[in-house]
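Inspection log for the structure reproduced underneath, given as structure tokens.
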Amino acid sequence: MLHEENLAKPKVNFRVDYQVPNYLIETVDLQFELGEDYTTVESELAVVPNPAHKGARGPLILTGLEMELLHVSIDGQDVAKDNYTVSSESLTLSSPDQAFQLKIRNRIKPQENTRLMGLYKSSGTFCTQCESDGFRRITYYLDRPDVMAKFRVRITADKSKYPLLLSNGNLVEDGVLENGQHWAQWEDPFPKPAYLFALVAGDLARMSDTYTTTSGRTVKLDIFTEHGQLDKCDHAMKSLKASLKWDEDTYGLECDLDNYMIVAVSDFNMGAMENKGLNVFNTKYVLADSRTATDTDYLGVEGVIGHEYFHNWTGNRVTVRDWFQLTLKEGLTVFRDQQFSADLNSKTVKRIQDVRALRAAQFPEDAGPMSHPIRPDSYIEMNNFYTSTVYNKGAEVIRMIHTIVGEEGFRKGMDLYFERHDGQAITCDDFVAAMSDANAHDFSQFMRWYSQSGTPEVHVSTSYNADDKTYTLHMKQTCAATAGQSEKAPFVIPIKMALLNQDGEELPLTWSQDDQTDTTRVISVTDAEQSFTFTNIDAEPIPSLLRDFSAPIRLRFPQSRENLQFLMSKDKNEFNRWEAGQKLATELILEMVAQRARGEDMVVDLGFVSACRSILEDESIDKALAALALALPMERVLAEEMATIDIDGIHHARELLRGTIACELKDSLLEVYNANISTDEYSCDSTSMGRRALKNACLSYIALLGTEESTAICEKQYQEANNMTDRLAALSCLIDLDSSVRESTLQDFYEQFKSEALVIDKWFMLQAMSKLPNTLDNVEKLLSHPDFSMKNPNRCRALLFSFSAGNLYHFHRADGRGYDFLAEQLIALDKSNPQIAARISRSFDRWKKFDEGRQIKAKAALERVLATEGLSKDVHEIISKNLE
Ligand code: TRP
Ligand code: ZN
């Protein structure tokens, strides 16, 4: 009886099936008795019929998973066992068609919860993760975001083990009981969906501060961590205060809470969670000091603290009607955290990093078996749809709206959005309608970005007419068929552009379609084929298109190498200067891959090398941008440019180009390296980060020389570094060298940092990403290292995900051993944490893009996983889509 449901085909949820709930819950009173053997939950719900529900009311069906039901009563009367039905997923009551009080008592076992959804324990601390459907693992409930209730929470626990008892909102009362127990009563004044519920109980250290809002309210800010980690919370607190300030300055949004709490836990499935007033964070996005965290980590903390705080308005005050609308809160909130980081640091650097991430993760996702629109049409397991598409492409869609209506227009749209929807659970259409109404702009065709998947391509050709001095851009947009979508209608594609003369100056653009003149403009491609003609152009210009990556597309525009080199040095748009270099490098590498495939020697075109020399010799250039310009496109990004991925070819061609740059530019590299060494105390300001980035970009080339001298430089930097950025940069050079220094340095690193979990994650990650031939053997060995654990998501990601998603060259070995290895680990991991197993199984996504030999081996590995008895629906969904 128990197993029947498990054997059945996993249920698919469809967006079009949405129905309003038949009942609503107005208030929730929860009582938790946290124990070592089990936890008892008592829930009292004020249930009312939903007036918006049409037709026959039907029974009240509450969802609940993996719990023991102890007692049910309605309006104070016990409900007999034959008056309700309990299945493995729900509690059904044929309830009266009127308001009533429902009391439920049940028992759960947080200490056995390894999937880290619902109530679980992390290093002795009780904590919760309820998004998207974790609350149903705590008690029976209408666990859907359009049911919003006011929560009161009473927690009882052992006082010495759990001196700290937290939930959402305000502490209203607490007290001590007999036999060492104590209790706390919390009340959240804001109605919220269950996914924003949180509870924390443990023995934690606290850092407190305050922030005064523009209107003069004082908000108490608390960050809680394990004891001994408080000195790593300064940056998080600083970032939190900056977030509160930024949202006031940029959007006029004030913090509505008396107390904003952040709790850092070491076992967490994702980055962080925006629970109302009580965020729970992965330690990775809270803890940072110069000894243990890199510049990237500092920026990560700032970005994620901002992200979760910004959710307080975009996500919590205005939430989603159903989970298909996830991008309503995530796309918008990612866009907001991107703006925040751009304002605090460098706009162009942030934009380049975001575009790099989009191309590395979202473009492959959108071309593979998991391709879906930013608002998906169906899902089996919602956790599988917290994707780069929903988050990052979702943010790009918001960015396009921002580009179309402009900064002020966007603010007007946001104001109207909150005016209309504060306190509601709504859809993406409601958001776009607010933008549309506030700006009198028609977004109906634009809505295709919400419904069509795939990365559009825009093919550009140009023509210059010297007689009538006109210049025309011919645009043709296409979008390849994607999983479940064969036909696509044209998108609205805003293209920011300028036309440059031979000196790099931007020409005044008089566009024949209207009579405005400007040097840069945004043209809107809306048809399958369209031309744009500019008048009064004296000589054939060099176009600079898709500035700042104004749309998430692939621009197909054949440009000569001379023009690309020209744009690299002359384009006034810094993003496009970087982009021209990436395009040039991509062309060269792919040409080398083709030479190698034909059995020819690979020939390195020295044009790119000399462009790198100009960057190194240009003292006026921004250092962070120079570092980015010196970095070649990632292997996974290059791979997407090939019909059949030749991973060995890509790897060897890219390495040959890197090696050539190192040899040819040795002197300049050393000079710039030395000029940027600093003995100043660590600081994470943009200037210092830029200097370190450029220095370490040079080091990564210098290390390739493979001489005693170059290895000694890496070793010296490793030993003398006064911060983790420099130490890790040196170690990541050594990790690719087959030398005894590699082993001794790795050992030293381990010894120095063995008590710092987040640094040991880096130690595992570096080894998983090594280019050395024995990497897979070493990864297999590391599985039995005493510090490796399948139970900790950060550690799994550090070893398994870094190898399978971050080391394409070794994961996609021709002998298929990479695939076999991952399949075996996924089967093991799925038993404890399906959500993480499913995420890591995404590393298979591009298997059909490889050669036949690899395909056969990947397919066999996938089939082995799929045949596993008791496989979770999480992994099942990913693997079966891969095999479709
Ligand atoms: N809403 C969270 C965020 O974007 C995402 C999240 C955190 C999450 N933990 C999760 C999603 C667990 C699914 C499962 O900030
Ligand atoms: Zn989010």
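Laboratory data are not the source of any read-out in this text; all were calculated from the coordinates shown. Bear in mind that the values here come from a model prediction, so they are computed numbers and not experimental data. Using ideal geometry, Cβ is built from the backbone for each residue, glycine included, and neighbour counts are taken over all protein chains shown.
Based on C-alpha pairs under 8 angstrom that are at least 6 apart in sequence, the range 1-123 has a relative contact order of 27 percent. Only Lys, Arg, Asp and Glu carry charge here, each on its Cβ (+1 for the first two, -1 for the last two); on that basis the chain has a dipole of about 1180 debye about its Cα centre. How would the range 396-498 be classified by its alpha-carbon gyration tensor: rounded, prolate or oblate, with rounded meaning a/c under 1.5 and the a/b versus b/c comparison settling the rest? Oblate is the answer for the range 396-498, as a/c is 1.5 or above yet b/c matches or exceeds a/b. If R0 is 60 Å, the Cβ-Cβ spacing of Glu457 and Glu178 corresponds to a FRET efficiency of close to 0.25. Relative to the longest principal axis of the Cα atoms of the chain, the long axis of helix 757-768 lies at roughly 50 degrees.
Axis of helix 740-753 versus longest Cα principal axis of the chain: the two differ by about 30°, to the nearest ten degrees. If you take the square roots of the eigenvalues of the alpha-carbon gyration tensor of the range 593-724 and sort them as a ≥ b ≥ c, do you get rounded (a/c under 1.5), prolate (a/b over b/c) or oblate? Because a/c hits 1.5 or more and a/b exceeds b/c, the range 593-724 counts as prolate.
The distance from the alpha carbon centre of the range 512-553 to that of the range 715-789 is 49 Å, rounded to a whole number. Considering only Phe850, Val672, Thr687, and ranking their Cα positions along the charge dipole of the chain that arises from unit charges at the beta-carbon of Lys, Arg, Asp and Glu, the one farthest toward the positive end is Phe850.
The range 366-420 and the range 679-714 have Cα centres spaced 38 Å apart. Here's the list of aspartates and glutamates a cross-link from Lys103 could span, going by alpha-carbon distance under 17 Å and ignoring same-chain residues fewer than 8 apart: Glu26, Asp29, Glu33, Glu42, Glu44, Glu68, Asp75, Asp78, Asp82, Asp143. In terms of its alpha-carbon gyration tensor, the chain comes out prolate; a/c meets the 1.5 threshold, and the first ratio a/b outweighs b/c. Label separation (Ser208 vs Asp429): 4.8 nm, computed from points 7 Å beyond Cα along the C-beta direction.
Structure note, pairs Lys623/Lys754; Lys238/Lys695; Lys238/Lys496; Lys241/Lys347: Cα-Cα distances above 30 angstrom occur for Lys623/Lys754; Lys238/Lys496.
For the range 705-762, what is the relative contact order in percent, using Cα pairs closer than 8 Å and at least 6 residues apart in sequence?
Details: 32 pairs, mean separation 13.5, N = 58.
Relative contact order of the range 705-762: 23 percent.
Ordering Ser880, Val779, Ser832 by the projection of their Cα atoms onto the charge dipole of the range 728-883, which places +1 on the Cβ of Lys and Arg and -1 on the Cβ of Asp and Glu, puts Ser880 at the extreme positive end.
Backbone geometry of the range 496-501 corresponds, through the Karplus equation with coefficients 6.51, -1.76 and 1.60 at θ = phi - 60°, to 3J(HN,Hα) couplings of 6, 8, 8, 10, 10, 8 Hz, x marking Gly and Pro.
Between Asp685 and His785, full extension at 0.36 nm per residue minus the direct alpha carbon distance yields a gain of 32.3 nm. Each stretch of four or more DSSP H residues adds -39500 (n - 2.57); spread over every residue of the chain, this sum gives -12000 deg cm²/dmol at 222 nm. Averaging Cα coordinates gives a centre for the range 130-172 and one for the range 39-98; these two points are 19 Å apart.
Provide the packing ranking of 469-477, 579-587, 299-307, i.e. peptides ordered by the mean count of other C-beta atoms within 10 Å per residue, highest first. Show your work: numbers first, answer last.
Numbers: 469-477: 18.1, 579-587: 21.1, 299-307: 23.9.
Peptide ranking by packing, descending: 299-307, 579-587, 469-477.
Of Arg137, Arg797, the sequence from fewest to most neighbouring Cβ atoms within 10 angstrom is Arg797, Arg137. In a fully extended conformation the segment linking Gln516 and Ser620 would gain 34.0 nm over its present Cα-Cα distance, using 0.36 nm per residue. To the nearest ten degrees, helix 873-883 and the longest principal axis of the Cα atoms of the chain are 30 degrees apart.
What order, most packed first, do the peptides 529-538, 619-628, 344-353 have when packing is the mean number of other Cβ atoms within 10 Å of each residue? It would help to have the intermediate numbers written out before the result.
Numbers: 529-538: 16.3, 619-628: 18.3, 344-353: 19.8.
Going from most to least packed, we get 344-353, 619-628, 529-538.
Under 8 Å for C-alpha pairs, at least 6 residues apart: give me the relative contact order for the range 317-456, rounded to a whole percent. Present the calculation step by step, with values, prior to reporting the outcome.
Numbers: 155 pairs, mean separation 53.7, N = 140.
It comes to 38 percent, rounded to a whole number.
By the beta-carbon count within 10 Å of each Cβ, the least crowded to most crowded order of Thr517, Thr403, fewest first, is Thr517, Thr403. Taking a point 7 Å out from the Cα of Asp601 in the direction of its Cβ, the residues of the range 646-665 whose backbone N falls within less than 18 Å of it are 652-661, 663-664.
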